[in-house]
Amino acid sequence: MKCRTCGAKAAVNMRHHRLSLCSEHFLRWLPNYVQRTIEKYNMFTFEDRLLIAVSGGKDSLSLWDILHLLGYQTEGVYIDLGIDENFLYSQKSFKAAVSFAEARGLNLTVYDVKEMQGEIIAETAVRTRRGRNKPCSVCGLVKRHAMNTSALKGKFDVLVTAHNLDDEAAILLSNVLDWSLDFLSRGYPVHPAGPGFSKKAKPLCRTYERETAAYAVLSKIDYMQEECPFSTDSKQIYYKQFLNQWEDRMPGTKLRFYNNYLKALYNGAFPVGQDNKDVLSQNLCPNCGQPTQTGGLCAFCSLYIHE
Ligand code: SF4
Ligand code: ZN
Ligand code: ZN
């Protein structure tokens, strides 16, 4: 397999794009592709201050590297969840995020969940009767809240997350299987700011996970390779395995599935649903000021405060 641009030995073969590239040309191609996605969905401009949510993994570090190289004004936020009991996963991912930022002279702030809330995710999961080994719902709530709080506090124009195409296609498959019209009506990769929440964008939404992995390896980014110890039995992993099988047989399946959904969404296929009522009715949590459906405490504050 040869590089389409220079004819040298290809390092990456992207069957879904019918494109093979050598290392040098792949490392030029991917940032251009991400830039086209940013422009296509009007995600942000070079005047905006971007806050990148960084986990220390290949997706978030590749994204930060790409946005920095493209010339965007970026800072990172690392959310220290204290995932496992020995903190090994959190320690390793934190180290990867810090080394990356230091090597490039970029600013990284840390949101320490234990410091802010007085307990780690696993402890909250136990106290709220979800179980020590099932922290994902608590973790999702805390991460969303921490990212939003950090973006608002730092007065950033856009909160940027590194969800890739594999993540988005798996979420879409899950929402289609459940016919969750509320979620399907708001699956756009960019969301405007509103009362209590910052603008959000996902510039890797059309980038395959194996492309961000190839980018991280070829550009020698020292990323956290282990997955979260709780990720193994998540529903999303199961959907990703299905999608990978379809992709193997029919290259481009994930991209078509996601692109055509966005077209349908843009053309009004999914009306704004009930689940958007927290945003639309502008009920704000009396404790943190972020949107809530009830008018009382938001789901995050309810984890820690009893009314
Ligand atoms: Fe949090 Fe994801 Fe780990 Fe679950 S799998 S605990 S959501 S990081
Ligand atoms: Zn080449
Ligand atoms: Zn709240």
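The figures follow:
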quantity	calculated
Test: residue in the range 117-138 that is in a loop (DSSP other than H, G, I, E, B) and within 15 Å of the chain's Cα centre (by Cα)	no
Matching residues, the range 45-90, being touching a Phe, Trp or Tyr at 6+ places or on another chain (Cβ under 8 Å) and on the phi > 0 side of the Ramachandran plot	G56, G71
Residues of the range 121-146 satisfying the condition of being open to solvent by 10 Å² or more (accessible area, probe 1.4 Å), of a type in the set (A, V, I, L, M, F, W, C) and away from ligand 3 (no atom under 15 Å from the Cβ)	V126, C136, C139
Evaluation of R144 against (1) closer than 28 Å to A201 by Cβ; (2) over 22 Å from the mean Cα position of the chain (by Cα) (one fails), failing number	(2)
Members of the range 26-47 found to be within 16 Å of ligand 2 (Cβ to nearest atom) and open to solvent by 30 Å² or more (accessible area, probe 1.4 Å), listed by number	L27, R28, W29, N32
Pairs with Cβ under 7 Å, 6+ apart, first in the range 288-299 and under 20 Å from M116 (Cα atoms) and open to solvent by less than 30 Å² (accessible area, probe 1.4 Å), second within 8 Å of ligand 3 (Cβ to nearest atom) and not in a loop (DSSP other than H, G, I, E, B)	Q290/H145
Selection count where residues are in a loop (DSSP other than H, G, I, E, B) and basic (K, R), scope the range 183-238	4
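Residues are listed down the side, and each one gets a yes or a no for (1) within 16 Å of ligand 1 (Cβ to nearest atom); (2) surrounded by 15 or more Cβ atoms within 10 Å (Cβ to Cβ):
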residue	(1), (2)
P203	no, yes
Y223	yes, yes
Y238	yes, no
N260	no, no
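The values are calculated or read from the model by the stated rules, or taken from the named source; none is laboratory data. Since the model is a prediction, treat every value here as computed from it, not as a measurement. Because the Cβ atoms are built from the backbone with ideal geometry, glycine has one as well, and the counts that use them run over all protein chains shown. In case anyone asks, the SASA skips ligands and DNA or RNA and just uses the protein heavy atoms, side chains included. Shrake-Rupley method; radii C 1.70, N 1.55, O 1.52, S 1.80 Å.
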